[in-house]
């Protein structure tokens, strides 16, 4: 299993601020703009400019909801658009993991899903997504007889700003993790949880923060929303579990927020809003002596695949905050996850997962993630 590092040495918690909890019975849909700001809730989308996002916001925050104070716990896991490749996920070096053909399709060593690029001089400032938390089980297919180097099979589903291009400095993201761990008695322990992360290029210490004490279970329907504030130097992160009727929210800053911090973190990378991504991923562990950084092995998700819906974004004019444009997946790029295999008896590479549209066109705002390693 993974080891939790010394929190004082590399903790991202100095960049996280918890939100004040609304009172019991508080109706977000009826809240004033001032109340939304006080409780650090996402601003109400303009129904004329962004009708689909407004409808998403209303479904996400519809009462009744129980408001939960998050308990963030750093773990030695990273979620990113990995710039490397490795056999069986045991390494993270080599050629670029993200490659595109002249079509809308590309491949990656560790994730699959959809990416939108901002246009017309605008920047993304709000992302939304809904999905069913996948049910993890023991891998079959190409990984059936492969021992997980980190002792756990894990997949994550998340949405995030940026990180797609080589010049992009950061990737704030929010999502859920589904993992299966073999036990000594031969049984499989299944776990799910919510996580957040602000990945920064060149910072070896950034890692996942598990949002403990927030209930999730395989099969739950969750809504996630990211809202960029203060020109990308802070991002509101909100998760609603509609199945269990609970909500959690917190703010993640691009630099340290510790009271005794006299100057910003040397690695201060605000969100840029150049791209928006929704994906299923096999994350990486942080390197621990003598083990290198490693990909997780994908669990099987057949019993409950990652159905992703209402994947929406909103762009904003940097020179006119009132000028916003709503986007769905129309015009997005799509990524299949591939793996390189060491066994000479099987193909050198194999597709692991791929987004699948409901009507073979990808116009709209949802897709399913299908496993292909069969």
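The values are calculated or read from the model by the stated rules, or taken from the named source; none is laboratory data. Computed from a predicted structure; not experimentally measured. Ideal geometry is used to build each Cβ from the backbone, glycine not excepted, and the neighbour counts take in all protein chains shown.
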Criterion first (in a strand (DSSP E or B), modelled with pLDDT under 95, on the phi < 0 side of the Ramachandran plot and out of contact with any helix residue (DSSP H, G or I) (no Cβ under 6 Å at 6 or more places or on another chain)) does residue 189 satisfy it?
yes
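Listed here are the residues, each with its yes/no results for (1) modelled with pLDDT under 90; (2) closer than 24 Å to residue 114 by Cβ; (3) out of contact with any strand residue (DSSP E or B) (no Cβ under 7 Å at 6 or more places or on another chain).
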| residue | (1), (2), (3) |
| --- | --- |
| 235 | no, yes, no |
| 289 | yes, no, yes |
| 294 | yes, no, no |
| 301 | yes, yes, no |
| 304 | yes, yes, no |
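Criterion first (in contact with a strand residue (DSSP E or B) (Cβ under 8 Å, 6 or more places away or on another chain) and in contact (Cβ under 8 Å) with a residue 24 or more places away in the chain) does residue 16 satisfy it?
It is true that residue 16 is in contact with a strand residue (DSSP E or B) (Cβ under 8 Å, 6 or more places away or on another chain) and in contact (Cβ under 8 Å) with a residue 24 or more places away in the chain.
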Within segment 230-260, work out how many residues are in a loop (DSSP other than H, G, I, E, B) and in contact (Cβ under 8 Å) with a residue 12 or more places away in the chain.
10
Among the numbered criteria (1) buried (at least 20 other Cβ atoms within 10 Å of the Cβ); (2) modelled with pLDDT of 90 or more, which single criterion is violated by residue 242?
(1)
Residue 169 - would you say it is at pLDDT 90 or above and surrounded by fewer than 22 Cβ atoms within 10 Å (Cβ to Cβ)?
no
The residue from 220, 162, 185, 212 that alone is under 17 Å from the mean Cα position of the chain (by Cα) and exposed (fewer than 15 other Cβ atoms within 10 Å of the Cβ) is 212
Within segment 315-350, residues assigned to a strand (DSSP E or B) and at pLDDT below 85 come out as 339, 340, 349, 350
Matching entry among 181, 227 (being in contact with a strand residue (DSSP E or B) (Cβ under 6 Å, 6 or more places away or on another chain), over 29 Å from residue 125 (Cβ atoms) and assigned to a strand (DSSP E or B)):
181
Within segment 131-152, how many residues are surrounded by 24 or more Cβ atoms within 10 Å (Cβ to Cβ) and either part of a strand (DSSP E or B) or on the phi > 0 side of the Ramachandran plot (or both)?
1
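Residue-wise test of (1) exposed (fewer than 15 other Cβ atoms within 10 Å of the Cβ); (2) at pLDDT below 90; (3) over 24 Å from residue 280 (Cα atoms).
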site	(1), (2), (3)
8	yes, yes, yes
11	no, yes, yes
14	no, yes, yes
35	yes, no, yes
60	no, no, no
69	yes, no, yes
84	no, yes, no
87	no, yes, no
92	no, yes, no
Residue 187 versus (1) in contact (Cβ under 8 Å) with a residue 12 or more places away in the chain; (2) farther than 23 Å from residue 338 by Cβ: which is the lone unmet condition?
(1)
Mind checking whether some residue in segment 192-214 is touching a strand residue (DSSP E or B) at 6+ places or on another chain (Cβ under 9 Å), assigned to a strand (DSSP E or B) and without any contact (Cβ under 8 Å) to a residue 24 or more places away in the chain?
yes
Given the criteria in a strand (DSSP E or B), more than 15 Å from residue 70 (Cα to Cα) and in contact (Cβ under 8 Å) with a residue 40 or more places away in the chain, does residue 217 qualify?
no
Take the conditions crowded, with 23+ Cβ neighbours inside 10 Å and modelled with pLDDT under 95 and apply them to residue 155. Does it pass?
yes
